[in-house]
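The values are calculated or read from the model by the stated rules, or taken from the named source; none is laboratory data. If you're wondering where the values come from, they're calculated on a predicted model, not measured in any experiment. Backbone-built Cβ (ideal geometry, glycine too); neighbour counts: all protein chains shown.
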């Protein structure tokens with residue numbers, strides 16, 4: 001029976017990986033991708049100038065020089081190998097295909113994070129069935145599954161955070177059990193941590209989590225600080241040495257002045273991007289967020305099962321914390337999630353686009369919540385979990401390719417379109433561009449007609465013979481008509497264009513929700 005269950009899960013994992021990877025390379029181009037590619041090009045140009053001329057003054061003038069580029073160290077070789085295949089598969093320009101080709105790396109990293117989610121689940125419960133079930137919930141959660149198909153900043157960061165968490169906690173467990181710690185493992189944790197920081201400088205926050213783990217260990221084990229330092233100071237110095245060295249190597253902006261790391265942290269904490277995010281009907285500015293912003297979005301983004309698990313904490317914490325090793329894992333995940341959210345609130349960190357900037361906390365919140373339910377009542381967990389898994393499969397199918405916009409069933413009691421930010425990444429662009437081509441062919445319209453849309457309008461349409469592309473914001477000043485225009489991203493919230501007729505409304509619908517949600521519209525403007 002156990003072997004059969006293992007075989008079923010292995011088949012599920014293989015199908016999941018193949019299907020998810022395919023979706024990731026066929027779901028179009030999203031709004032931040034050209035900027036991320038530009039960050040890579042500017043860093044690469046800076047490196048070349050430094051090697052050739054001994055300086056990179058032009059690079060230091062680049063506004064986003066502090067953006068981490070570590071993800072590109074993995075993605076660029078894959079992009080070079082696959083972009084021509086993806087261009088043919090999607091009938092998209094080579095430049096567009098080059099951007100899309102990194103999506104598979106994003107999804108594979110998320111898939112790997114699922115493995116470490118399983119390992120942490122097992123450490124928390126010592127129960128294989130629970131670990132497999134909870135990992136399935138995590139991997140099928142529509143919000144993360146959707147982001148994993150293209151989000152090349154938040155998903156890699158989330159994945160490395162979870163992987164770093166696992167290896168650091170297993171090291172803490174080794175200390176608790178008074179096992180020797182291999183120097184190779186220390187170096188590996190240094191590498192993971194530096195890679196995390198080099199994806200996004202926000203990674204330095206993980207030191208708060210590391211500190212929490214040590215505090216819990218000291219409290220449980222009754223460790224004397226001076227004895228601890230005496231025993232482990234060599235390994236600690238090794239960790240600091242390799243962490244500093246690897247962080248320096250992976251961030252070109254530090255090469256001439258390592259103190260730029262301080263400027264990078266300041267820049268990240270106060271990143272100026274004056275965007276408002278539609279939040280329960282209120283457009284909240286990233287520069288003056290109320291503390292309620294986090295809790296509103298977590299309430300509507302987290303599955304109801306997870307919200308339920310959080311409420312069970314008072315009923316299970318005594319049982320969980322009675323197990324010393326389990327309490328190290330559980331306490332780290334619980335107190336880190338709470339601490340980081342409140343630190344963000346107190347420091348008034350600028351965030352936007354719902355909770356994507358604290359997305360890395362979601363796996364930890366999931367683990368805490370699901371473990372709470374398991375300890376509260378195992379039968380209750382195993383009764384609810386299959387229902388949630390089936391529901392997530394249905395939701396993923398209904399929302400495709402807009403799974404990343406997912407909101408829980410509480411949101412369905414509201415008018416979702418009027419109360420929440422929807423397709424802020426512009427996933428709708430690909431389908432709208434296909435509709436442009438269909439409409440022009442059907443009505444025998446010249447492909448010299450100008451298309452007003454987002455920055456990627458040309459990538460799908462240039463391969464179809466279209467030649468004129470402009471931004472939607474330029475539509476009001478268009479002197480030559482007729483033209484075709486589509487509005488998506490945040491333009492979708494703007495009023496309808498003047499002297500235009502609606503051609504197509506790009507919509508999707510949730511399971512058990514009878515309202516269509518529009519993410520973009522296509523117009524004939526005369």
Next item on the list: Output yes when any residue across the range 338-351 is surrounded by 23 or more Cβ atoms within 10 Å (Cβ to Cβ) and touching a helix residue (DSSP H, G or I) at 6+ places or on another chain (Cβ under 6 Å), and no when none is.
Entry: no
Notebook entry, point to check: Out of curiosity, is residue 503 more than 24 Å from residue 278 (Cα to Cα), outside any helix (DSSP H, G or I), in contact with a strand residue (DSSP E or B) (Cβ under 7 Å, 6 or more places away or on another chain) and in contact (Cβ under 8 Å) with a residue 40 or more places away in the chain?
Noted result: yes
Notebook entry, point to check: Of the residues that make up the range 477-497, is at least one surrounded by fewer than 21 Cβ atoms within 10 Å (Cβ to Cβ), in contact (Cβ under 8 Å) with a residue 60 or more places away in the chain, touching a strand residue (DSSP E or B) at 6+ places or on another chain (Cβ under 8 Å) and not assigned by TED's automatic domain parsing to the domain that holds residue 87?
Noted result: yes
Next item on the list: Restrict the check to the range 456-475 and report whether at least one residue is touching a residue at least 12 places away in the same chain (Cβ under 8 Å) and under 22 Å from the mean Cα position of the chain (by Cα).
Entry: yes
Item checked: Subset of the range 431-466 [assigned to a loop (DSSP other than H, G, I, E, B), farther than 19 Å from residue 94 by Cα and out of contact with any strand residue (DSSP E or B) (no Cβ under 7 Å at 6 or more places or on another chain)] -> 443, 444, 445, 446, 447
Next item on the list: Could you please tell me which pairs satisfy a Cβ distance under 7 Å, a separation of 6+ or placement on different chains, a first residue in the range 433-446 that is in contact (Cβ under 8 Å) with a residue 12 or more places away in the chain, and a second residue that is in a helix (DSSP H, G or I)?
Entry: 433/457; 433/460; 433/461; 434/460; 436/461; 437/461; 437/464
Checklist line | helices (runs of 4 or more DSSP H) contained entirely in the range 284-373, each with at least 3 residues that are within 30 Å of residue 274 (Cα to Cα) | finding: 292-301, 324-347
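Determine if the range 271-283 includes at least one residue that is free of Cβ contacts under 8 Å to residues at least 12 places away in the same chain, assigned by TED's automatic domain parsing to the domain that holds residue 148 and assigned to a helix (DSSP H, G or I).
So far as the range 271-283 goes, no, none of its residues is free of Cβ contacts under 8 Å to residues at least 12 places away in the same chain, assigned by TED's automatic domain parsing to the domain that holds residue 148 and assigned to a helix (DSSP H, G or I).
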Next item on the list: Assess whether residue 463 counts as being outside the structural domain of residue 90 (by TED's automatic domain parsing), surrounded by fewer than 20 Cβ atoms within 10 Å (Cβ to Cβ) and touching a helix residue (DSSP H, G or I) at 6+ places or on another chain (Cβ under 7 Å).
Entry: no
Check: Say we look at the range 498-507 and pick out the residues that are at pLDDT 95 or above and in contact with a helix residue (DSSP H, G or I) (Cβ under 9 Å, 6 or more places away or on another chain); which of these is surrounded by the most Cβ atoms within 10 Å (Cβ to Cβ)?
Finding: 506
Note to self: Every residue in the range 212-255 that is at pLDDT below 95 and not in a helix (DSSP H, G or I), please.
What the structure shows: 222, 223, 224
Checklist line | Test for residue 209: is it touching a residue at least 24 places away in the same chain (Cβ under 8 Å) and not in a helix (DSSP H, G or I) | finding: no
Next item on the list: Only residues that are part of a helix (DSSP H, G or I) and either touching a helix residue (DSSP H, G or I) at 6+ places or on another chain (Cβ under 6 Å) or within 17 Å of residue 260 (Cα to Cα) (or both): list them for the range 75-96, please.
Entry: 75, 78, 79, 83, 86, 87, 94, 96
Next item on the list: Might you let me know whether the range 400-421 holds any residue that is within 28 Å of residue 318 (Cα to Cα), out of contact with any strand residue (DSSP E or B) (no Cβ under 7 Å at 6 or more places or on another chain) and surrounded by fewer than 22 Cβ atoms within 10 Å (Cβ to Cβ)?
Entry: no
Next item on the list: Only residues that are in a helix (DSSP H, G or I) and farther than 24 Å from residue 149 by Cα: list them for the range 388-418, please.
Entry: 410, 412, 413, 418
Note to self: I'm trying to understand the selection: among the residues of the range 94-128, which are more than 30 Å from residue 370 (Cβ to Cβ) and buried (at least 18 other Cβ atoms within 10 Å of the Cβ)?
What the structure shows: 96, 97, 98, 99, 100, 101, 102
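Let me confirm something: among 239, 218, 315, which residue is surrounded by fewer than 18 Cβ atoms within 10 Å (Cβ to Cβ) and touching a residue at least 12 places away in the same chain (Cβ under 8 Å)?
That would be 315, the only listed residue that is surrounded by fewer than 18 Cβ atoms within 10 Å (Cβ to Cβ) and touching a residue at least 12 places away in the same chain (Cβ under 8 Å).
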Check: Name the pairs: first residue in the range 75-89 and outside the structural domain of residue 459 (by TED's automatic domain parsing) and closer than 14 Å to residue 29 by Cβ, second residue at pLDDT 95 or above and assigned to a helix (DSSP H, G or I), Cβ to Cβ under 6 Å, at least 6 apart or on different chains?
Finding: 79/98; 83/97; 83/98; 86/97; 86/100; 87/94; 87/97
Notebook entry, point to check: Checking residue 293 against (1) in contact with a strand residue (DSSP E or B) (Cβ under 6 Å, 6 or more places away or on another chain); (2) surrounded by fewer than 20 Cβ atoms within 10 Å (Cβ to Cβ), which single condition isn't satisfied?
Noted result: (2)
Checklist line | Unique residue being modelled with pLDDT of 95 or more, in a helix (DSSP H, G or I), closer than 13 Å to residue 363 by Cα and in the same structural domain as residue 190 (by TED's automatic domain parsing) when the list is 133, 165 | finding: 165
